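In what follows, a single structure is set out as structure tokens and then discussed.
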Amino acid sequence: MHRALHATLATAAAACLGVAAAQTDARRSVEQKIDFVGTLMTRSPLAARINASANEQAKAFLRDSVEHHQMAVTALKVGDLDGAEREANLAILAVGKARQLVPDDMRRLVEQRVRYQELYRAVETLVASYERQRAAAGRLPDPEWNETLRMLDRARTLHASERLGEASETLADVQQQLLRQISSLLSGSTLDYTMRFTSPAHEYEYELARYRSLEDLVPAALKQFDPGPEARSTVDRHTERGRRLAVAAQQQASAGRSEAALASVREAVAEVQKALAATGLVILQ
């Protein structure tokens with residue numbers, strides 16, 4: 001009996017020691033988090049950057065983090081570990097919000113480079129689309145197109161001189177101008193194209209090129225006009241239908257069924273026009 005009691009007491013003592021150790025570990029973890037937040041708010045390059053900035057909202061977030069940190073310290077002193085950790089987490093969250101508003105130079109540089117490259121790829125696609133459609137329509141470059149190319153050269157020059165913010169803004173202007181020019185070109189080309197075709201196969205080739213030019217516009221138009229979720233769903237639906245019809249048209253053309261291919265590619269063009277209309281860019285049909 002004494003042995004059983006001794007074993008029970010030993011087990012209970014071990015359990016108590018385990019609980020105490022767990023509580024000590026938990027307290028140490030919270031203390032370390034609070035210390036980390038304190039350093040982050042008062043003695044870090046991040047805090048110095050926020051305080052030196054002109055962003056009042058970022059400074060307000062930093063003040064919020066100081067308040068949450070003080071509340072965390074108070075909670076820890078009275079043994080409220082859950083409350084202390086909760087306030088420490090809120091302090092970290094507030095500092096994170098401030099940091100997003102005042103990015104460091106390296107992060108800003110990386111973001112500017114990424115934005116420039118994304119815009120440049122989009123503009124390259126639009127330039128190729130415009131050139132392809134202009135050639136199909138048999139039109140010469142106009143003064144507005146030449147101005148677009150000069151703007152593109154200026155964006156490249158700004159990029160080469162590391163003026164990335166200005167380069168990206170110029171590219172954004174080029175993208176908007178290209179969208180407008182392509183819209184005008186494609187709309188105008190629908191009015192008299194029937195006079196230039198000698199066969200259904202010839203007309204099919206023209207319509208297929210027109211479809212591809214329109215499809216190239218969809219990603220740029222989505223980025224430019226930023227439609228809502230419902231509109232995006234409409235864009236995706238019409239774009240996918242257009243792609244299926246274009247594939248069918250190409251298969252029909254390969255089989256020598258020019259009339260059927262022409263009908264299918266016309267439907268594909270109509271679908272991608274609806275997709276563009278859903279983005280906010282209207283192409284006359």
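The values are calculated or read from the model by the stated rules, or taken from the named source; none is laboratory data. Bear in mind the structure is a predicted one, so any value in this text is a computation, not a measurement. Note that we place each Cβ from the backbone using ideal geometry, even for glycine, and neighbour counts take in every protein chain shown. Heavy atoms of the whole protein, side chains included, go into the accessibility calculation; ligands, DNA and RNA do not. Shrake-Rupley method; radii C 1.70, N 1.55, O 1.52, S 1.80 Å.
Quick one: in region 53-111, which of the residues that are over 21 Å from the mean Cα position of the chain (by Cα) and not in a helix (DSSP H, G or I) is nearest to Arg43 (Cα to Cα)?
Among those that are over 21 Å from the mean Cα position of the chain (by Cα) and not in a helix (DSSP H, G or I), it is Ser53.
For Gln224, indicate whether it is modelled with pLDDT under 85 and assigned to a helix (DSSP H, G or I). Before you say what the answer is, go through the steps one by one.
On the way: modelled with pLDDT under 85: yes; assigned to a helix (DSSP H, G or I): yes.
Yes.
Within region 36-76, work out how many residues are open to solvent by less than 40 Å² (accessible area, probe 1.4 Å) and over 13 Å from Val95 (Cα atoms). Step through it out loud before you land on a result.
Start the filter on region 36-76 by keeping residues that are open to solvent by less than 40 Å² (accessible area, probe 1.4 Å), which leaves 37-38, 40-41, 44, 46-47, 50, 53, 58, 60, 62, 65, 69, 72, 75-76.
If we keep only those that are over 13 Å from Val95 (Cα atoms) too, we end up with 53, 72, 75-76.
Here the count works out to 4.
Pairs only if they're at least six apart or on different chains, beta carbon under 6 angstrom, first in region 206-226 and more than 27 Å from Ala253 (Cβ to Cβ), second part of a helix (DSSP H, G or I) and open to solvent by 20 Å² or more (accessible area, probe 1.4 Å); list them, first residue then second.
Ala220/Ala122
Can you report the number of residues in region 112-139 which are open to solvent by less than 70 Å² (accessible area, probe 1.4 Å), among the polar types (S, T, N, Q) and over 17 Å from Gln177 (Cα atoms)?
Of the residues in region 112-139, 1 are open to solvent by less than 70 Å² (accessible area, probe 1.4 Å), among the polar types (S, T, N, Q) and over 17 Å from Gln177 (Cα atoms).
Quick check: anything in region 204-215 within 19 Å of Thr125 (Cβ to Cβ) and among the acidic types (Asp, Glu)? Full working, then the answer.
Just the residues of region 204-215 that are within 19 Å of Thr125 (Cβ to Cβ), to begin with: 208-215.
Going one step further and asking which of them are among the acidic types (Asp, Glu), we end up with 215.
Yes; the residues of region 204-215 include at least one that is within 19 Å of Thr125 (Cβ to Cβ) and among the acidic types (Asp, Glu).
One line per residue, one yes/no per condition, for (1) open to solvent by 40 Å² or more (accessible area, probe 1.4 Å); (2) out of contact with any Ser or Thr (no Cβ under 7 Å at 6 or more places or on another chain):
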site	(1), (2)
Thr239	no, yes
Gly242	no, yes
Ala246	no, yes
Arg257	yes, yes
Val265	no, yes
Val272	no, no
Ala277	yes, yes
